[in-house]
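The values are calculated or read from the model by the stated rules, or taken from the named source; none is laboratory data. Because the structure is predicted, anything quoted here is derived from the model rather than measured. With ideal geometry, Cβ positions are generated from the backbone for all residues, glycine too; neighbour counts draw on all protein chains shown. Each accessible area value is taken on the protein alone, full model and side chains, heavy atoms only, with ligands, DNA and RNA left out. Shrake-Rupley method; radii C 1.70, N 1.55, O 1.52, S 1.80 Å.
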Amino acid sequence: MIDSTRIQALIQAVEQANSAEGLVESVRALVATNSEEVIPTLITVLGYNNPEAAVIAVEGLIGMGEAAVMPLLNQLDEYNYGARAYSIRALATIADPRALDVLVTAAASDFAPSVRRAAAKGLGNLQWHQLSPEQGQEAQDLALKTLLDVSQDAEWANRYAAIVGLEALAANATGMIERIRNRFKQMLSSEADLAVRSRVLMAQQKNGC
């Protein structure tokens, strides 16, 4: 167990790093503490112009699990595309249903394509068992509606991401498979993009959708 004084020194090292390589090493050391005390600093790193450090910070936040969810939601940066994309990726992977509204909004309407795709993929994997049956059904219906809408998006990569989300939703949610199966059949009859068609076929073969 690393004491708070040491953790504060590591946080200061991140804040005062004077090179890209130094920042990466400082963030890696911070993640290694596995302390919830470093979560705000890791979230701040997501907004730095250092993709390698940001990826390490994302992995650290994912490792923190539920403890990182509310800080991520509260510190979500509406103006920094890169930071928002990394935050959505972390939230989608942690899969806590408290992130549902943020993921729905991001999947449906975020201006950044990578954010939309990360959110769409994450919507199918939320841990529905953490909700009451009534809350769970309402949340699953909202996720399904969002993914069905995204599956009709003009951009092929967004449709592809929606298929990934729908496949996961069919496996993890209750009473969704018939509607998802019907949507996949519709897509096969009308989809022109080969990659999207192939992903639908993969989902059908893997999960009987």
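What the table below lists for this structure:
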quantity	calculated
Sparsely packed GluC sites (Glu not before Pro) within region 21-78, loop by DSSP, other Cβ within 10 Å at most 10	GLU78
19 Å cut-off, amide nitrogen to a point 7 angstrom out along THR5 Cα→Cβ, residues in region 36-54	37-38
Degrees separating the helix 4-15 axis from the principal Cα axis of the chain, which is the longest one	70 degrees
Solvent-accessible area, 1.4 Å probe, carbon plus sulfur percent, for region 81-201	53 percent
Degrees, to the nearest 10: 51-64 long Cα axis against longest axis of the chain	80 degrees
With Cα atoms, 0 to 90° folded angle of helix 113-123 axis to the chain main axis	70 degrees
Sites THR33 and ASP101, calculated FRET efficiency, Cβ-Cβ separation with R0 30 Å, nearest 0.05	0.45
Per residue accessible area in Å² of the chain, where ligands, DNA and RNA are left out and the probe is 1.4 Å	49 Å²
Backbone HN-Hα couplings from phi across region 171-176 [Karplus 6.51/-1.76/1.60, Hz, Gly and Pro as x]	7, 9, 9, 10, x, 9
Inter-probe distance in nm under a simple model that places probes 7 Å from Cα toward Cβ, at ALA154 and SER109	1.7 nm
DSSP-assigned coil residues among GluC sites (Glu not before Pro) in region 116-209, each with at most 16 further Cβ atoms within 10 Å	GLU155
Estimated inter-spin distance, LEU73 and GLN127, nm [label 7 Å along Cα→Cβ]	1.4 nm
Residue-by-residue Karplus 3J(HN,Hα) for region 187-200, coefficients 6.51, -1.76, 1.60, Hz, glycine and proline x	5, 5, 7, 10, 6, 8, 7, 5, 5, 5, 4, 5, 5, 5
Structure-based [θ]222 nm, the chain - -39500 (n - 2.57) summed over DSSP H runs of at least 4, per residue, nearest 500	-22500 deg cm²/dmol
Cα pair count fraction exceeding 29 Å, expressed as % - the chain	32 percent
